[in-house]
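Input: a single structure, listed below in structure tokens.
The values are calculated or read from the model by the stated rules, or taken from the named source; none is laboratory data. These figures come from a predicted structure and were not determined experimentally. With ideal geometry, Cβ positions are generated from the backbone for all residues, glycine too; neighbour counts draw on all protein chains shown. In case anyone asks, the SASA skips ligands and DNA or RNA and just uses the protein heavy atoms, side chains included. Shrake-Rupley method; radii C 1.70, N 1.55, O 1.52, S 1.80 Å.
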Amino acid sequence: MKEKLTDALYGLGWGTVRNLPEPLAVRLGQRIADIAWKRRGAGVLRLEANLARVVPDAGPGRLAQLSRAGMRSYMRYWMESFRLPAWSPERIRHGVDVQNAHLLEEGLASGRGVVLALPHMGNYDLAGAWVTTKIGVPFTTVAERLRPESLYDRFVAYREGLGMEVLPHSGGSAFGTLARRLRSGGLVCLVADRDLSSSGVEVKFFGETTKMPAGPAMLAAQTGALLLPVTLWYDRSPVMRGRIHAPVDVPETGTRAEKAAAMTQQLADAFASGIAEHPQDWHMLQRLWLADLVKETP
């Protein structure tokens, strides 16, 4: 019953919010975010606990301000996502401003394939739509299997409608397909700051240990693709901002595992630099650091 209700609510969002005038959708999103923040539920408390590591010198008042802004940023992501299928190509092209976009364009022009790796910041669906619309290149990504299956199907259809090829995270065949796309000079985009498997790589992130997916590094090392970290954020304008960071190179020496570990640490460092500059736009409402995951284990 809960799964059916969840699916129905998402369906309502895509069917109703997308037709609202933009100023009304913005106000609605902020109102929902403020209500959720005031209720101090588990997600808000977890967000504050995570932000306390990102901004270690912040007192309770500052953390409260950041978590409120974080919930507004998170809800902006949802409001934009519900409305994105109705956006015109021009609205998408002008709705994102990316620093160092030439790194992506030059990487694709070289024919070697490109992996873009992102944390849960800003709106990566909008960034993906910008890539397919402004850059004019389709790409392949991976989506976590959601329950109910009908909700997962909604997300796949939504992202495919934006020009993405979506592979399920589970099943074991995604890596091979991604590698083939890269070897043919294609583009792969992966959200990579939270490990959803048992094969993640341990990294230091804001001074503590967590695990991040090894996939982006392994794909780049095995296919010769260019690996580019990306961070996203909002300012007070309707435009989302982004930055493509310096490429993460494959180390010349070491085992396959050692190379993947070193590259994933570089990704974590790039993510941390962007998150530290815009902590309110990091939408991490789940446990992330190993110390917190151990506390969660019964």
Task: Inter-probe distance in nm under a simple model that places probes 7 Å from Cα toward Cβ, at GLU252 and ARG112 - done: 1.5 nm
Open item on the list: Classify segment 156-298 from the C-alpha gyration tensor, please: rounded if a/c falls under 1.5, else prolate or oblate depending on whether a/b exceeds b/c.
Closed with: rounded
- [ ] Whenever you get a sec, compute what percent of the accessible area on segment 154-241 sits on carbon and sulfur atoms (1.4 Å probe).
- [x] 50 percent
Open item on the list: Let me check the size of segment 70-139 from its C-alpha atoms; what are the radius of gyration and Dmax in Å?
Closed with: 13.0, 40
TODO: Would you mind pulling out the separation of the Cα centroids of segment 83-116 and segment 244-280, in Å?
DONE: 21 Å
Open item on the list: How much of the DSSP bridge set in the chain is antiparallel, in percent, rounded to the nearest 5?
Closed with: 40 percent
- [ ] Run the dipole for segment 187-295 about the Cα centre, Lys and Arg Cβ at +1, Asp and Glu Cβ at -1, nothing else charged, and hand back the magnitude in debye, nearest 20.
- [x] 200 debye
TODO: Keeping all protein chains in place, calculate the accessible area per residue for the chain (probe 1.4 angstrom), answer in Å².
DONE: 48 Å²
Task: For the chain, with +1 on Lys and Arg beta carbons and -1 on Asp and Glu, the positive-most of ASN50, LEU24, PRO85 along the dipole - done: LEU24
Open item on the list: Compute, for the chain, the length of the dipole vector about the Cα centre, with Cβ point charges of +1 (Lys, Arg) and -1 (Asp, Glu) only. Units Debye, rounded to 20.
Closed with: 780 debye
Task: Cβ-based charge dipole, the chain, positive-most Cα from ALA214, ALA257, LEU167 - done: LEU167
TODO: Within the chain, what's the longest run with no GluC sites (Glu not before Pro) in a DSSP loop and at most 13 other beta-carbon atoms within 10 Å? Give the range, please.
DONE: 1-143
- [ ] Please arrange HIS278, HIS94 by accessible surface area, largest first, computed with a 1.4 Å probe and ligands excluded.
- [x] HIS94, HIS278
TODO: Please arrange ARG241, ARG31 by accessible surface area, largest first, computed with a 1.4 Å probe and ligands excluded.
DONE: ARG31, ARG241
